[in-house]
Amino acid sequence: MTKGESNDGTWADFVREFEQKSAAAAASSSGQPEPAAQPRSRRRILMPLAAALLVVAGVSAYTLTKADPDPAPVAAPAPTVSAQPAVAAPASNSPSEKALSGVPASAIPLSVFPAQVEGYTLLSGVTHPSCTGAESVGPSLAGLITQGQGCVGVDFALYRDAEGNQYNLALFTMKDQMDSVHIINVLAVHPESYQAGVQVPAKDSGLQVLPEKSPFVEGFSSYGHGMLLGKGQWSDGRGTDFDKLQGKLTALTDAVMKNVPA
């Protein structure tokens, strides 16, 4: 093939020549006159390649969309983890016996979040009945909850301290206490990705609305049917003094977990 010739044209010429030679050889051996060459459809040649490309594209799309749209990693210390499940009654397949096992009928009340505690002020709180909605959690946490026994509701709370630092807390009311232990151990391996929804500070809160990918620290706690995820950020969104910020977040989450029922 000389430079500038079409690959498709060369391939078509090769196919045509091969078929003509094959037909001539067959006619010679049978004593029959050589039939006229019939044009061969290129579509039959290209279809297997097209099918192969579609399969590869499908695998690539699944791989790309499978990743969570999470914030970029930041150099923060490992999150604090505290898992203390209360003793649960034996599991049962009977709905009536499950009700007797102590599974909560609704989310833990917002009253577990103190209005004032150790220099922190509660700014807002809200309860969502769905623990797996896109407005409540990230895809990884939603998947972990769905794989377990589920959740009956989630409370969100926004706190600030005297310096204007902000803390978002999410308290999940899990049906199975052991699911909490499993989930927070999985999430703790990925401290770069906060999987719970956050509340945007109101204009009169005195807090800045930080950029979505601002650095943060996080912590996890579990007690009874409660699973608490906490996120702490400096007032100016800086990415320094993470150990100090982690201590502030831990003090707040510890105070909240004292109010969580067994």
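Here are some notes:
- Estimated FRET transfer efficiency (His182, Ala134; beta-carbon r; R0 25 Å; 0.05): 0.65
- Under 5 Å, built H, 5+ apart or other chain: amide partners of Ser235: Asn165, Gln166
- Scalar couplings 3J(HN,Hα) for the stretch 117-134, obtained by applying the Karplus form with A = 6.51, B = -1.76, C = 1.60 to θ = phi - 60°, are 7, 6, x, 9, 10, 6, 9, 7, x, 8, 10, 10, x, 9, 9, 10, x, 4 Hz; x denotes Gly and Pro.
- Each peptide in 236-247, 129-140 receives the mean, over its residues, of other Cβ atoms within 10 Å, and ordering these scores from highest gives 129-140, 236-247.
- Projected label distance in nm at Asp236 and Lys258, using a 7 Å step from Cα toward the beta-carbon: 3.3 nm
- Global form of the stretch 81-257, assessed from the alpha-carbon gyration tensor, a/c cut-off 1.5: prolate
Every read-out reported here was derived from the displayed coordinates using simple, explicitly stated rules and does not represent laboratory data. Because the structure is a prediction, the values reported are computed rather than measured. Methodologically, a virtual Cβ is constructed for each residue, glycine included, from the backbone with ideal geometry; neighbour enumeration extends over all protein chains shown.
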